[in-house]
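First up is the structure itself, then whatever we jot down about it.
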Amino acid sequence: MSSAVPLHLSARPVPYPREVHDRLEVEAKQIVDCYPQPRSALLPLLHLVQSVEGYVSGTGIEFCAEQLGLTGAEVTAVATFYSMYRRTPTGDYHVGVCTNTLCAVLGGDEIFAELKRHLGIQHGETTADGAVTLEHIECNAACDYAPVLMVNWEFFDNQTPGSARALVDALRGGEQVTGTRSGAPLCTFRDTARLLAGFPDERPGANDGEPGPATLAGLRIAHRLNGQGAEAVPEQPLHQPNSEAAPGGAAGTEQDGGR
């Protein structure tokens, strides 16, 4: 008596529709032409294909390989090395909560636990409405305003469980939300991927924003020690904690989990 052994072989990726492929081919050429060696364009090309489907699919990998004369294995090796390239479908807003050491001890773990409970999803999962994908992530290099989270790679500083909950509610409600350090409203994950591919950011205020005093504290001390005086680094207004003015007018409180 013979028994079947399932191999679970993956299906060959379905090519992009012709109009999508043709548009991407033109845009890919614009990117590749910026580099003396075509293969150097792989990182922005991966962002470009991520802007189409919200993640780097097998179809996107084959497209990049085709444009650069690489093998699918070579492209896959890069796409799976960098965490900014998603390998599963991603919501309109990728919410990453820093749970590395400093953010964790200042409340990052509590924030992540609250968002999992509030959204009803776990690490790497997406809400049923397709709006929010939640992840805990490693250091965002933003310890000066810990605990922090990022939405589509935009910073949200000085977070609390309450302010984080208000933030994701605003995102799911279609409200206009602006990051702590940016002058422009958030765009979707796919639009962000297109910007990271190197295409212009035409949002008004996208390049506005100043570093806060916590970010400049070390520089001010260095200037003082070198006799240049603290005035060599102009004072900047503090970033407003989202616990005071959360998106949509909601605020974090002791009662609702804020600090």
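What to note about this one:
- Within segment 188-202, the residues that satisfy the criterion of being open to solvent by 20 Å² or more (accessible area, probe 1.4 Å) and either assigned to a loop (DSSP other than H, G, I, E, B) or polar (S, T, N, Q) (or both) are T188, G198, F199, P200, D201, E202.
- Close pairs from segment 1-23: first modelled with pLDDT under 95, partner of a type in the set (K, R), Cβ under 8 Å, at least 6 apart: none
- Enumeration of residues in segment 69-112 that are open to solvent by 50 Å² or more (accessible area, probe 1.4 Å), assigned to a helix (DSSP H, G or I) and among the hydrophobic types (A, V, I, L, M, F, W, C): A73, A77, L102, V105, L106
- Selected residue [open to solvent by less than 40 Å² (accessible area, probe 1.4 Å), under 30 Å from P44 (Cα atoms) and modelled with pLDDT under 95] from G205, G209: G205
- Unique residue being over 20 Å from S163 (Cβ atoms), touching a Ser or Thr at 6+ places or on another chain (Cβ under 8 Å) and either part of a loop (DSSP other than H, G, I, E, B) or open to solvent by 30 Å² or more (accessible area, probe 1.4 Å) (or both) when the list is G130, G124: G124
- On the stretch given as segment 25-37, residues that are crowded, with 16+ Cβ neighbours inside 10 Å and closer than 16 Å to L70 by Cβ total 3.
- Segment 48-100, subset among the aliphatic types (A, V, I, L, M), under 15 Å from the mean Cα position of the chain (by Cα) and at pLDDT 95 or above, residue farthest from R165 (Cα to Cα): L48
- Answer residue from segment 155-185, given it is touching a strand residue (DSSP E or B) at 6+ places or on another chain (Cβ under 8 Å) and of a type in the set (D, E, K, R) and is nearest to G91 (Cα to Cα) among those: R172
- Filtered residue count, segment 146-170, keeping only those that are surrounded by fewer than 22 Cβ atoms within 10 Å (Cβ to Cβ) and in a helix (DSSP H, G or I): 2
- Just one of (1) over 20 Å from R87 (Cα atoms); (2) hydrophobic (A, V, I, L, M, F, W, C); (3) touching a residue at least 12 places away in the same chain (Cβ under 8 Å) fails for A141. It is (3).
- Among (1) in contact (Cβ under 8 Å) with a residue 40 or more places away in the chain; (2) part of a helix (DSSP H, G or I) - the single one R220 does not satisfy: (1)
- Residues in segment 38-48 that are open to solvent by 30 Å² or more (accessible area, probe 1.4 Å) and either closer than 9 Å to L68 by Cβ or free of Cβ contacts under 8 Å to residues at least 12 places away in the same chain (or both): P38, R39, S40.
- Test: S182 is in contact with a Gly (Cβ under 8 Å, 6 or more places away or on another chain), hydroxyl-bearing (S, T, Y) and either at pLDDT below 95 or open to solvent by 30 Å² or more (accessible area, probe 1.4 Å) (or both): yes
The values are calculated or read from the model by the stated rules, or taken from the named source; none is laboratory data. Keep in mind it's a predicted model, so treat the numbers as computed, not measured. Cβ: placed from backbone, ideal geometry, glycine included. Neighbour counts: every protein chain shown. These accessible areas exclude ligands, DNA and RNA; they are computed on the full protein's heavy atoms, side chains included. Shrake-Rupley method; radii C 1.70, N 1.55, O 1.52, S 1.80 Å.
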